[in-house]
Amino acid sequence: MEVAAAVGALLLVLFVTFGVLFTVRTVRAVHRRVERAGQEVRRTIDTTTLRAKAVQPGPVGQLARTRLELRGSIDSTRRELDAAAPGDASLAEAAALLDRLHEHARGLDGEMGSLMDREPDRARVAARLPDLRERAEELRQSADSLRFAVQDRTRRHQTEELGALREQIALESGALRHWERPQPPHPSAETGLPGPGTTQ
């Protein structure tokens, strides 16, 4: 009786433990999804605001356009890498480089955003604009270079795979057309004896 009670208590503890672990993992997963959704909403609002400012003349509009161009380049390169990475393990280093580039881009984007939103002196904004745009252009060119290289690599792999596939199909097509089996040799040809109807 005591053994059964101990086993029952142990099972109860195990069930409670697993239940708590499952609940904690579920809550964390939901929390991560909510955070990602919140980030997407904030990013969408921020991008919409930038697009509205980008149509304005003057240094603020130029800064907004610069930020949009930089974000677009980084995001496009990220999408290209994410699409190609599952089939190409050698792109891990490229992804790490893009992460580092993205950190620099985020820092510059924050710097430009602070200047746009907190600096009332438009002359100062205009004075800092050339340097900011030059730095953004350097980052954008690096991201574009990485993206173009990934695109070229993906295209080359697809071309090579298509070429190999065409060769395999050509071989298989030829094999499928060989439906006539070769005739076995005549017994007289193997023994060297004259066949029927032959004369000495």
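Say we look at region 54-72 and pick out the residues that are free of Cβ contacts under 8 Å to residues at least 24 places away in the same chain and of a type outside the set (A, V, I, L, M, F, W, C); which of these is most open to solvent (accessible area, probe 1.4 Å)?
Here the answer is Pro57.
Quick check on my filter: what residues within region 82-101 are modelled with pLDDT of 90 or more and either closer than 14 Å to Asp144 by Cβ or in contact with a Gly (Cβ under 6 Å, 6 or more places away or on another chain) (or both)? Result: Leu97, Leu98, Leu101.
When restricted to residues that are assigned to a helix (DSSP H, G or I) and either modelled with pLDDT of 65 or more or loosely packed, with under 10 Cβ neighbours inside 10 Å (or both), region 154-188 contains 24.
Just a yes or no: is a residue in region 31-38 open to solvent by less than 40 Å² (accessible area, probe 1.4 Å), in a helix (DSSP H, G or I) and at pLDDT below 85? Yes, the conditions are met somewhere in region 31-38. None of Ala95, Ala84, Ala64, Ala105 is touching a Lys or Arg at 6+ places or on another chain (Cβ under 6 Å) and in a helix (DSSP H, G or I) except Ala64.
The values are calculated or read from the model by the stated rules, or taken from the named source; none is laboratory data. Predicted model only: the values in this text are computed from it and were never measured. Neighbour counts run over all protein chains shown; Cβ positions are idealised from the backbone, glycine included. Keep in mind that these areas ignore ligands, DNA and RNA; they rest on the heavy atoms of the full protein, side chains included. Shrake-Rupley method; radii C 1.70, N 1.55, O 1.52, S 1.80 Å.
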